[in-house]
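*Asks:* Pasting a structure below so you can have a look.
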Amino acid sequence: MNHENFTREDFLRAQDRYKVQQSRASKKWLRLVWLLAGPGVLVMLGENDGPSMVSYATTGATYGVGFFVPFILLTFIMAYIVQEMTVRLGVATQRGHAELIFQRFGPFWGYFAMADLVFGNLLTLVTEFIAVQAGGLYFGIPAPASVGIGVTLVITSLLLRRYATWERMVMGLATGNLLFIPAALMAHPNPAAIAHALASWGPLPGGINNAFITLILANIGATVTPWMIFFQQSAVVDKGLTRADLTQGRIDTGLGALLAALAAIATVVAAAPLFAAHTDISQFASGADFATALKPIIGSTGASLFALGIIEAGLVAALTISTSSSYALAETLSAKHSFNLDFGSGWLFYGAAIGSTLIAAGIVLIPGAPLLAMTLTVNVIATLLMAPALLLLLLLVNDRDIMGGLANGRFANIAGGAIVLFICLAGATYGLITVFPSVGGG
């Protein structure tokens, strides 16, 4: 590459790669993991978003710490399997997911995947600002102010024009997801009850009914969603990960899954006292209502941590999900897509993130919207949209022309196929009880 063709994007990525090569040559493995960490941690903690944490809180308040604690662990295992395939696809092809679908399957499937993603992302972005607004209201911050702060944060992050800086800033913010852990400890959980739930899948009060199936789908949608595939694959490419970095990419993804699972289970545990107190949560409008209801039980500090966690969840997800849409839109339209671009070169990439953020924030401020219903429904919709996204992913990771030796083996295909089948069955069951409510007993 001659000097005239060496862009700002190339220069910044080369700087990052040089640090990686130095660490690998000197065998500083912990530093190497630190340098290459990011996409996996962000995608997992980013998926612990506003709707997800409300789903987990609803689960704890409805069923306690029984069946759903081990079920949530299972969903994060599913998430790791899916995202590990995504990492391999990114390092093998050096192409974003939307770009690859367009190239391998043609315009129809390329535009279909992009439309599917952008539609789902916009709905999800709305709920992220619902979470930010709700958490702000708990602390007495007016809705326009808290939503405005969220929009400002998203736009400010884009002004960094540096992938590595953006990534570290969002990772720092994402550590706030762990606020649910001290909140759970303040609920004084019974360790024996949690151990029993993990060992036996615990009791299921009320049996299988419409509410149970809805929460099953909401919890799956809180962990495995289409935007995660698009975001992590594009972030892997934007970060510059290569085949040599695959082990660190897997560690990054596994660490993210572990941290996100701990925060998710902590949210269930923190909300479980509402189940024990037989609290009626049917009229709750947002995540802040859970914090308010928990305040007399876990104290003002615990409730404040819970509310702060809801705000953090919405903010981190707004940053990552808007980026997912930007990557997909720019890739499909063959436009440049990287945080290392200047604004002139990356106008579509940056513009898509800003535009989707402004639209979602505006929708949230419409008076009278059914906020909790919207929040839970988004995770259900995400689950229903996941099957086609997973099928396309499986086709791509089995394509040896682009994957070579990194193509799926038998175990990965069995695990991936089982996840697709499980999600399809859950979606079909939900559709059945929606059309025939008497089937679910609800």
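Rule-based calculations on the coordinates, nothing more; no lab input. Model, not experiment: these values are computed from the prediction. As a convention, Cβ positions derive from the backbone with ideal geometry for all residues, glycine included, and neighbour counts pool all protein chains shown.
*Asks:* Peptides 225-231, 13-19: what's the order by average Cβ count within 10 Å, highest mean first?
*Replies:* Working: 225-231: 29.1, 13-19: 14.4.
Highest to lowest by the protection proxy: 225-231, 13-19.
*Asks:* Using the Karplus equation 6.51 cos²θ - 1.76 cosθ + 1.60 (θ = phi - 60°), what ³J(HN,Hα) coupling, rounded to whole Hz, does each residue of region 136-152 give in order, writing x for Gly and Pro?
*Replies:* So the Karplus estimates, Gly and Pro as x, are x, 4, 4, 9, x, 8, x, 3, x, 5, 5, 5, x, 5, x, 4, 4 Hz.
*Asks:* Would you calculate the separation in nanometres between label points at Thr292 and Tyr111, each defined as 7 Å from the Cα along the Cα-to-beta-carbon direction?
*Replies:* 4.6 nm
*Asks:* How high is the FRET efficiency between Phe411 and Ala199 when r is their beta carbon distance and R₀ equals 45 Å, given to the nearest 0.05?
*Replies:* Details: r = 26 Å, r/R0 = 0.57.
That pair, Phe411 with Ala199, gives E of 0.95.
*Asks:* Using all Cα-Cα distances in region 152-310, what percent lands in each 10 angstrom bin from 0 up to the longest?
*Replies:* Spelled out per bin, shortest first, that is 8, 29, 33, 20, 9, 0.
*Asks:* Sticking with this structure for a sec: Within 10 Å, count the other beta carbons around each residue, average over each peptide in 47-53, 128-134, and list them highest first. List each step's numbers first, then the result.
*Replies:* Values: 47-53: 31.6, 128-134: 30.0.
In decreasing order of mean packing, 47-53, 128-134 become 47-53, 128-134.
*Asks:* Follow-up. Return, ordered by residue number, the residues of region 323-350 whose backbone nitrogen is under 18 Å from a label point located 7 Å along Cα→Cβ of Arg17.
*Replies:* 337-341
*Asks:* Now, a different point. Region 396-420 to region 269-318: how many Å between their Cα centroids?
*Replies:* When both Cα centres are located, 40 Å separates them.
*Asks:* Also, I was wondering about something else. Going 7 Å from the Cα of Asn209 along its beta-carbon direction, which residues of region 274-318 have the amide nitrogen within less than 19 Å of the resulting point?
*Replies:* 274-284
*Asks:* Show which aspartates and glutamates lie in cross-link reach of Lys336 when reach means a straight Cα distance below 18 angstrom and same-chain residues fewer than eight apart are skipped.
*Replies:* In chain and number order, the partners are Glu4, Glu9, Asp10, Glu99, Asp238.
*Asks:* Here's a follow-up. Any chance you could run the full-extension gain for Ser334 through Thr242? It's 0.36 nm times the residue separation minus the Cα-Cα distance, nm to one decimal. Write out the running numbers ahead of the final one.
*Replies:* Details: separation 92, 0.36 × 92 = 33.12 nm, distance 2.20 nm.
Between Ser334 and Thr242, full extension yields 30.9 nm more.
*Asks:* Further question: Can you list the HN-Hα couplings for region 224-241, worked out from phi with the Karplus curve (6.51, -1.76, 1.60; θ = phi - 60°), rounded to whole Hz and with x for Gly and Pro?
*Replies:* Values per residue, Gly and Pro as x: 10, 9, x, 4, 4, 4, 5, 5, 5, 5, 5, 5, 4, 5, 5, 6, x, 5 Hz.
*Asks:* Could you name the lysines whose alpha carbon sits less than 28 Å from that of Lys28, not counting residues in the same chain fewer than 8 places away?
*Replies:* Lys19, Lys239
*Asks:* Another question, if that's okay. Which of the peptides 236-247, 85-96, 28-39 is most tightly packed, and how do the rest follow, going by the mean number of other Cβ atoms within 10 Å of each residue? Intermediate results must be reported in sequence, preceding the final value.
*Replies:* Working: 236-247: 20.2, 85-96: 23.2, 28-39: 18.3.
With the highest mean Cβ count within 10 Å placed first, the list reads 85-96, 236-247, 28-39.
*Asks:* Can you tell me the length gained on complete extension of the stretch Leu74 to Leu255, counting 0.36 nm per residue apart and subtracting the Cα distance? Numbers along the way, then the final one.
*Replies:* Numbers: separation 181, 0.36 × 181 = 65.16 nm, distance 1.54 nm.
Full-extension gain reported as 63.6 nm.
*Asks:* Report, as a whole number in µm² per second, the diffusion coefficient that Stokes-Einstein gives for the chain at 4 °C and 1.567 mPa s using the Kirkwood radius over alpha carbon pairs. Don't skip to the end; give the middle numbers.
*Replies:* On the way: Rh = 21.9 Å.
After rounding, the answer is 59 µm²/s.
*Asks:* What are the ³J(HN,Hα) values, in whole Hz, obtained from phi via the Karplus relation 6.51 cos²θ - 1.76 cosθ + 1.60 with θ = phi - 60°, for each residue of region 119-126 in sequence order, with x given for Gly and Pro?
*Replies:* Here the 3J(HN,Hα) series is 4, x, 5, 5, 4, 5, 4, 4 Hz.
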